[in-house]
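J.: Quick one: this structure, given as structure tokens, is what I'll be asking you about.
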Amino acid sequence: MATASLIQAGCGFSPIFNNNSNNCSFRTGFVGPVGPHSSSSSSSSCSWSSHNLNFSSGTNSNWKHQGLRAQAMSTTTQGGFAASGRIGNGKNEPDHLLVLVHGILASPSDWTYAEAELKRRLGRNFLIYASSCNSHTKTFAGVDGAGKRLAEEVLQVVKKRESLKRISFLAHSLGGLFARYAVAALYSECDSSGTQSNNVTDSSDGNLQTSTPSRQGMIAGLEPVSFITLATPHLGVRGRKQLPFLLGLPILEKLAPPIAPFVVGRTGKQLFLTDGKPSRPPLLLRMASDCEGGKFLSALGAFRNRTVYANVSYDHMVGWRTSSIRREKELVKPPSQSLDGYKHVVDVEYCPPVSSDGPHFPLEAAKAKAAAKNAPNIKNTVEYHELMEEEMIQGLQKLGWKKVDVSFHSSLWPFFAHNNIHVKNEWFHNAGAGVITHVADTLKQQESSSSFISSSL
């Protein structure tokens with residue numbers, strides 16, 4: 001990322017919208033977001049056939065709500081901007097775009113508190129934009145459909161603001177998956193001469209292939225800095241307690257996948273990993289690699305920092321495992337005390353990249369998917385989910401991640417954890433104020449680091 005500022009001006013951008021749809025270390029009770037930058041590793045091409053489908057890819061913070069709603073509303077529009085400095089021609093123009101992405105059945109108003117607080121803490125360099133293109137039931141159109149809309153919306157913002165040089169994303173819940181898809185659509189590679197390289201190329205057999213990424217990447221023509229998610233189901237919601245309101249009951253977890261599409265449409269199939277033909281990998285698996293649908297892993301790897309915030313309990317929508325990208329055996333009881341200065345943030349873990357030859361979608365996975373779709377029972381649905389979960393982790397752990405555990409067990413309304421984590425409503429969900437403070441400090445740290453590197457070069 002140190003060379004990004006040198007190549008930005010020479011890097012053309014042409015987004016591609018394709019219609020196809022760990023061992024961790026450095027666990028610490030560290031008080032703030034400061035720590036080693038998450039690093040990325042390379043990933044290579046992927047391909048599949050109908051028989052053998054294979055991927056490879058080489059604080060206690062006091063609550064200060066008074067006036068914040070008015071402050072946010074005075075600086076933003078619905079799905080609009082909140083900038084700390086003057087917008088227009090002049091040296092006070094913001095150069096760092098922070099895109100806020102809401103979750104399922106939500107809207108930009110979910111970010112009212114967070115926008116105001118981030119604006120206050122981050123300073124004039126940031127232009128804060130709350131996405132509005134996927135409000136309410138538009139979130140049912142699928143991760144790919146919503147992701148493409150988000151990418152197009154971001155492009156329009158970038159085109160209108162010539163001062164922008166850097167970009168970061170902050171997403172809640174399902175919005176994290178939309179953002180992951182969008183950054184792949186917005187991703188472009190630049191070699192040392194500043195020449196753009198396309199995301200995908202046509203191979204001789206007619207399938208779309210990718211080559212091993214070895215050059216600096218840009219997102220919407222901007223330098224990518226931070227990618228942050230709050231309670232996002234990165235591994236989907238299939239499996240024991242991945243969708244906590246099912247209470248971990250096998251019968252409910254068996255019934256949920258076939259019912260989900262009738263409730264939340266195409267998005268439901270993708271979250272339960274039942275989208276597409278049995279011979280084709282589910283979208284969330286493809287999004288853990290570089291494949292014919294886009295360079296999902298390379299796009300994430302282009303960010304200087306990748307951070308996931310996860311509720312360890314009381315989140316009725318998204319389980320701890322899927323939101324923190326961990327295996328069941330990697331879940332350990334977190335500290336009960338909050339980190340100093342960040343109420344309800346209880347732990348931070350730095351996970352460096354782990355080399356693996358995954359993710360894959362072998363013949364047995366295709367058979368398990370077919371069985372889970374056509375004749376679901378507890379055995380085959382568990383078998384299929386366990387296969388997919390491991391393969392998704394194998395892919396995503398090729399990148400370094402910072403994992404932040406959040407616990408609202410001592411709050412007045414712990415069962416609001418899913419909405420507390422981003423302070424959806426300043427009156428009911430104010431327990432998450434310390435989380436937003438931690439997010440702001442993480443963003444400030446990366447902004448300072450990026451500015452230092454640019455000035456050094």
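J.: Take the stretch 412-454 and flag every residue that is open to solvent by 20 Å² or more (accessible area, probe 1.4 Å) and polar (S, T, N, Q).
T.: N419, N425, N430, Q445, S448, S449, S451, S454
J.: Across the stretch 301-328, which residue is most open to solvent (accessible area, probe 1.4 Å) among those that are part of a helix (DSSP H, G or I) and in contact with a strand residue (DSSP E or B) (Cβ under 6 Å, 6 or more places away or on another chain)?
T.: Of everything passing the filter in the stretch 301-328, W320 is most open to solvent (accessible area, probe 1.4 Å).
J.: Out of (1) open to solvent by 20 Å² or more (accessible area, probe 1.4 Å); (2) closer than 26 Å to L100 by Cβ; (3) not charged (D, E, K, R), what's the single condition that is false for V345?
T.: Result: V345 passes all but (1).
J.: Could you check the stretch 333-362 and list, in sequence order, the residues that are of a type in the set (A, V, I, L, M, F, W, C) and modelled with pLDDT under 90? Step through it out loud before you land on a result.
T.: If we filter the stretch 333-362 for residues that are of a type in the set (A, V, I, L, M, F, W, C), which is where we start, we get 339, 345-346, 348, 351, 354, 361.
Result: F361, single match.
J.: Under 7 Å by Cβ, and 6 or more places apart or on different chains, what pairs join a residue from the stretch 160-176 that is closer than 16 Å to H96 by Cα and part of a loop (DSSP other than H, G, I, E, B) with one that is basic (K, R) and open to solvent by 20 Å² or more (accessible area, probe 1.4 Å)?
T.: none
J.: Further, regarding this structure: Contact list please: Cβ distance under 6 Å, first residue in the stretch 95-108 and under 18 Å from P233 (Cα atoms) and assigned to a strand (DSSP E or B), second residue open to solvent by less than 10 Å² (accessible area, probe 1.4 Å) and at pLDDT 95 or above, pairs at least six apart or on different chains.
T.: Qualifying pairs under 6 Å: L100/W111; L100/A130; L100/L170; V101/S131; V101/A171; V101/G175; V101/F178; V101/A179.
J.: Also, quick follow-up: Which residue, of L339, L331, is surrounded by fewer than 17 Cβ atoms within 10 Å (Cβ to Cβ) and hydrophobic (A, V, I, L, M, F, W, C)?
T.: None of the others qualify; the one that does is L331.
J.: Among what's in the stretch 352-361 and is out of contact with any Ser or Thr (no Cβ under 6 Å at 6 or more places or on another chain) and open to solvent by less than 10 Å² (accessible area, probe 1.4 Å), pick the residue that is farthest from W401 (Cα to Cα).
T.: Among residues in the stretch 352-361 that are out of contact with any Ser or Thr (no Cβ under 6 Å at 6 or more places or on another chain) and open to solvent by less than 10 Å² (accessible area, probe 1.4 Å), the one farthest from W401 (Cα to Cα) is F361.
J.: In the stretch 276-300, what count of residues is obtained for those that are buried (at least 24 other Cβ atoms within 10 Å of the Cβ) and in a loop (DSSP other than H, G, I, E, B)?
T.: Residues in the stretch 276-300 being buried (at least 24 other Cβ atoms within 10 Å of the Cβ) and in a loop (DSSP other than H, G, I, E, B): 6 in total.
J.: Condition first: over 18 Å from S411 (Cβ atoms) and modelled with pLDDT of 90 or more. Can you find one or more residues in the stretch 308-315 that meet it?
T.: Yes, because at least one residue in the stretch 308-315 is over 18 Å from S411 (Cβ atoms) and modelled with pLDDT of 90 or more.
J.: Test each condition in (1) of a type in the set (S, T, N, Q); (2) at pLDDT 95 or above; (3) more than 20 Å from the chain's Cα centre (by Cα) for S168 and report the one that comes out false.
T.: (3)
The values are calculated or read from the model by the stated rules, or taken from the named source; none is laboratory data. The shown structure was predicted, so the numbers you read here are calculated from the model rather than taken from an experiment. Ideal geometry is used to build each Cβ from the backbone, glycine not excepted, and the neighbour counts take in all protein chains shown. These area figures cover heavy atoms from the full protein model, side chains too; ligands, DNA and RNA do not enter into them. Shrake-Rupley method; radii C 1.70, N 1.55, O 1.52, S 1.80 Å.
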